[in-house]
1. Being in contact (Cβ under 8 Å) with a residue 60 or more places away in the chain, in contact with a strand residue (DSSP E or B) (Cβ under 8 Å, 6 or more places away or on another chain) and closer than 22 Å to Pro695 by Cβ is the filter here, so list the residues in the stretch 327-352 that pass it.
2. Given (1) part of a strand (DSSP E or B); (2) without any contact (Cβ under 8 Å) to a residue 60 or more places away in the chain; (3) acidic (Asp, Glu), identify the lone condition not met by Glu248.
3. What do you reckon, is Leu842 touching a helix residue (DSSP H, G or I) at 6+ places or on another chain (Cβ under 6 Å) and part of a strand (DSSP E or B)?
4. Among Pro229, Pro158, Pro137, which is the only one that is in contact with a helix residue (DSSP H, G or I) (Cβ under 9 Å, 6 or more places away or on another chain), more than 16 Å from ligand 2 (Cβ to nearest atom) and part of a loop (DSSP other than H, G, I, E, B)?
5. Determine which member of the set Leu905, Leu921, Leu966, Leu947 is more than 35 Å from the chain's Cα centre (by Cα) and crowded, with 21+ Cβ neighbours inside 10 Å.
6. Determine which single condition Glu929 fails, assuming it passes every other condition in (1) without any contact (Cβ under 8 Å) to a residue 24 or more places away in the chain; (2) out of contact with any Phe, Trp or Tyr (no Cβ under 9 Å at 6 or more places or on another chain); (3) more than 28 Å from Trp969 (Cα to Cα).
7. So in the stretch 282-310, with the set limited to residues that are among the charged types (D, E, K, R) and under 27 Å from the mean Cα position of the chain (by Cα), which one is surrounded by the most Cβ atoms within 10 Å (Cβ to Cβ)?
8. Based on what the data block shows, is Ser515 at pLDDT 95 or above, under 30 Å from Tyr575 (Cα atoms), buried (at least 24 other Cβ atoms within 10 Å of the Cβ) and of a type in the set (S, T, N, Q)?
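The values are calculated or read from the model by the stated rules, or taken from the named source; none is laboratory data. Being a predicted model, the structure only gives us computed values, none of them experimental. Cβ atoms come from the backbone with ideal geometry, glycine included; neighbour counts cover every protein chain shown.
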Amino acid sequence: MTDAPLDPLIALRPWEAPEVTSWGRLPMNAVDRRPGALPLDGDWRFELLSAPDAPVGGPWSSAHVPGVWTMQGTDDLPQYTNVRMPFPEYPPHSPAANPTGVYEREVDVPADWAGRRIVLQVGAAESVLLVHVDGRPVGISKDSHLAAEFDLTGVTRPGSPATVRLTVVKWSDASHIEDQDQWWHGGITRSVLLYATDPLHLADVTVRARYSGDLQVDCRVRDAGGALPAGWYLTGELDGRPLAQDAEFDRANAEDERVSDFLGEARLLTTVPEVRTWNAETPELYDLTVRLHRADGTVADTSRHRIGFRDVEIVGRDLLVNGERVFIRGVNRHDFHPLTGRTVSYDDMRADLVLLKRFGFNAIRTAHYPNDPTLYDLADELGFYVVDEADIESHDHAHEIADDPRYLNAFVDRVSRMVLRDKNHPSVVIWSLGNESDYGAGHDAAAGWVRRHDPTRPLQYEGAAKLGWADPGLASDIACPMYAPLEDCVAHALSGEQTKPLIPCEYSHAMGNSSGTLADHWAAIEATPGLQGGFIWEFWDHGILQRVSDGRPVGRGGAGLYDNGVAAPGYRWAYGGDFGETIHDGAFIADGVVFPDRTPKPAMYEHREIAAPVRIECFRHEGVVLTNHQHFRGFDWLAAVWELSLADGRTLTAPAELPELCPGETAAVPLPFVLPEDGGEAWLTLRVTTATDLPWAPRGTEVCVPQVRLRGPAAVDVAAVARQVEVDGEGLLVHPLLTVAPTLSLWRAPTDNDELGGMAQRWRNWGLDALVRKVVSVRQDAGHVTVEAEYAGATGVVRHRQVLTPVEGGVRVEEEAELPEAFDDVARVGTVFETMAGLDLLDWFGQGPWESYPDRSAGAPVGHHSLPVDDLFTPYLRPQESGGRHGVRRFTLSATDATGLAVVLDEPRQVSVTRYRAEDLTAATHHDELVPRTGCVVHIDAAHRGLGTASCGPDTFPSYRVAPGLHRWSWTLRVL
Ligand code: GAL
Ligand code: MG
């Protein structure tokens with residue numbers, strides 16, 4: 001230690017002072033000056049201290065800004081916890097071992113900034129930021145997800161370099177209110193920049209653009225010198241048309257003795273005739289420019305905005321956008337990247353939103369903090385309803401903090417700064433006070449601030465809504481529960497007691513192979529007035545790309561080391577516990593609808609179909625009824641083709657003409673095909689694509705594939721032939737193409753829902769993962785072999801019978817399994833066998849082409865599908881049941897020379913063909929541990945349990961569970 005006087009920013013120990021939310025930090029505002037600023041991103045000198053009060057002694061290394069040091073080669077690595085804090089200290093304390101990053105660089109302040117007001121903006125730093133310039137303390141700020149600005153006018157000299165030091169303390173009092181379910185990192189996660197303004201400047205701009213076309217722009221003006229110079233005025237333009245300063249407003253101001261010389265206020269007004277209004281379907285934006293003039297007419301400051309005209313209101317129990325009760329097809333989105341942790345580029349954010357648009361989403365909750373500002377620009381442009389959430393989550397210490405006056409300022413500060421920053425975005429339709437922080441006076445104080453400052457938007461807070469959906473108190477206008485059982489939501493809507501829109505802030509937990517019953521949820525939502533949708537949890541699987549050899553995060557250089565959801569050999573997607581942490585919450589961080597590289601999981605296709613803008617229904621077998629299932633637009637942005645899939649293998653197509661329909665309207669159209677007399681089961685599909693290039697999809701992008709059944713299946717007729725079927729001494733079928741004979745399977749590699757919902761443990765207790773087969777009898781009768789076997793588990797025995805009958809070219813297998821009552825609700829009842837190597841292509845008639853399960857099959861149309869076996873498997877981060885296809889009627893598995901096998905099922909069934917046995921998947925913890933087998937593992941299920949969402953929330957419905965008792969199924973195997 002030295003005797004040098006301690007730096008005041010350190011001496012204050014602001015990391016243990018929740019009352020200190022900032023010092024020297026400028027007020028938040030919505031003036032946009034990013035163009036013209038001096039970017040300070042790039043490599044900075046860097047030293048990682050063991051504690052904030054440890055001496056800075058070098059040697060320097062370097063760190064990239066923006067970026068987290070936890071992903072840049074330091075020994076302080078990412079750590080994942082959900083609820084619990086990663087350290088034992090209680091609020092407001094933090095551990096003595098407290099990684100602290102010191103970032104430093106010289107900044108050349110442009111000489112022509114002389115006389116101007118100079119501002120440093122740090123986009124985001126977690127969790128406490130201390131700013132020094134040339135050794136002088138300049139400021140402090142907290143809130144890891146909002147920018148902090150500091151006035152450097154007096155501390156820098158234009159034309160001379162200045163040394164800027166940003167000290168970032170990782171753990172603090174603020175960590176206790178940033179306990180979101182995500183990785184813990186440390187660093188500067190958003191861009192740093194310097195900009196200059198005239199001393200006379202726009203201090204804030206507040207835009208109110210109404211559905212009626214009325215525009216009001218309220219501006220605040222200040223001068224760095226103090227009193228405002230006389231004669232300043234504003235002008236503005238909207239798409240080139242001039243706005244004028246509201247003279248009446250000025251007159252009233254002139255007479256108002258409260259108006260000071262230090263804060264100028266003025267209003268620009270106009271009404272746009274025939275305004276093109278903004279909504280998520282047609283996000284029309286206008287360019288607004290606001291100019292602040294000096295008395296001589298010269299321009300002192302300019303702010304540019306892209307604005308949208310729209311209204312949001314709650315009427316009765318409905319949330320209305322432009323008077324329409326819109327469905328909220330939402331997702332929760334974190335700022336996440338597998339290489340940079342939390343730093344996301346414009347391209348990344350655009351790619352996120354483009355993908356969401358293509359899969360039918362129209363809403364985002366910025367879980368659980370204000371996202372990068374660019375996200376909102378993109379949401380305005382591409383069309384999303386945004387629930388903008390403040391950076392407050394005190395999950396582990398929620399109850400202690402909610403009423404703690406030491407944290408009161410932090411609550412109000414975080415909420416008010418978010419509102420001040422984002423208030424001009426048409427996409428932001430609801431403010432959220434944060435997440436999982438109990439409910440206390442801090443929330444009411446923040447709510448009070450918002451209600452006064454922005455009466456134009458509703459407010460929500462799950463912690464308040466939890467107290468009573470009909471009466472959530474001051475802090476929520478919306479009943480926004482998490483993972484509420486669907487029946488409770490429906491019951492509330494039907495109870496007559498509903499007073500608020502019911503829009504779950506989280507539902508349908510997408511961890512691993514999940515998202516079961518999504519279609520059932522939406523059927524109820526659409527059928528029940530009072531229900532309007534919700535926000536799926538969540539967008540991302542937060543897997544960090546990790547080098548397996550040394551366990552380190554790869555970091556920024558890792559582009560190209562993954563593809564299609566899978567990390568390259570030698571790498572893997574790390575989840576909790578993979579960086580040597582002892583306190584962690586495992587794979588619970590991998591719970592999104594996309595893989596860490598944004599590859600959509602199959603659940604996305606389910607969502608896409610549920611959100612289909614075009615619906616079709618059969619109309620008395622003569623035609624089809626089409627419905628426009630949108631809120632604001634017609635079908636002119638869509639093109640379509642009819643497709644008829646016949647069981648005999650034919651697929652016919654015909655051009656489709658989409659009728660002109662307003663939202664909600666329907667029209668009957670004649671059947672586009674004369675249904676052939678033969679051909680068996682018949683399905684009519686409308687393949688709908690974009691008709692033109694859109695900002696989020698090139699022309700021809702598939703939008704949905706609604707389908708109706710025109711004719712049911714014909715009975716499968718298989719004639720027995722007089723030949724023998726060969727079985728071995730154990731009664732197992734001997735077949736040249738099979739390496740493992742068909743046996744009974746009651747086990748699937750537990751999904752995350754199976755594990756966390758407790759089902760897998762039950763199945764293990766019953767011994768379903770290790771059934772012991774014992775042949776009881778093998779009877780050769782005229783024309784067939786009957787094999788009786790018993791499969792013994794720990795607590796019960798399943799009787800199983802196979803009747804093997806030779807048929808032309810193969811064998812028919814009729815099976816029966818009788819499950820004891822104790823085996824209530826198993827994963828599956830079916831057959832498993834394995835094939836020889838080389839049969840690498842699966843062709844099937846059934847649902848597809850993507851993975852589907854009994855309770856997640858609405859988005860997989862029936863048709864003739866074909867995929868390489870390797871592409872059938874979905875590489876969930878933690879291996880589990882994967883690759884299933886629902887409603888399969890028949891399939892072939894073939895080699896390149898078209899030899900192979902064909903299977904015909906007695907009725908549509910769940911089938912999977914993968915390279916892995918259920919036990920292979922069960923044993924592995926990460927995808928890279930799996931060693932593909934050369935042959936195929938084939939499951940044909942008489943019954944397969946739905947997926948549900950029990951890893952966090954409701955399990956699948958009883959109708960998707962597998963009952964004990966007798967199951968019967970049959971299938972025919974032939975050689976091609
Ligand atoms: C919610 C929480 C989310 C996440 C989710 C489970 O309770 O708000 O942040 O933890 O559960 O994945
Ligand atoms: Mg939480």
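1. Going through the stretch 327-352, the residues in contact (Cβ under 8 Å) with a residue 60 or more places away in the chain turn out to be 327-336, 338-343, 351-352.
Subsequent filtering for residues that are in contact with a strand residue (DSSP E or B) (Cβ under 8 Å, 6 or more places away or on another chain) retains 327-336, 338-343.
Selection gives Phe327, Ile328, Arg329, Gly330, Val331, Arg333, Asp335.
2. Of everything listed in (1) part of a strand (DSSP E or B); (2) without any contact (Cβ under 8 Å) to a residue 60 or more places away in the chain; (3) acidic (Asp, Glu), Glu248 misses just condition (1).
3. On the way: touching a helix residue (DSSP H, G or I) at 6+ places or on another chain (Cβ under 6 Å): yes; part of a strand (DSSP E or B): yes.
Judged against the criteria, Leu842 is a match.
4. Numbers: Pro229 fails: in contact with a helix residue (DSSP H, G or I) (Cβ under 9 Å, 6 or more places away or on another chain); Pro137 fails: part of a loop (DSSP other than H, G, I, E, B).
When all the criteria are applied, what remains is Pro158.
5. Numbers: Leu921 fails: more than 35 Å from the chain's Cα centre (by Cα); Leu966 fails: crowded, with 21+ Cβ neighbours inside 10 Å; Leu947 fails: more than 35 Å from the chain's Cα centre (by Cα).
Answer to the check: Leu905.
6. (1)
7. Arg310
8. Numbers: at pLDDT 95 or above: yes; under 30 Å from Tyr575 (Cα atoms): yes; buried (at least 24 other Cβ atoms within 10 Å of the Cβ): yes; of a type in the set (S, T, N, Q): yes.
Yes.
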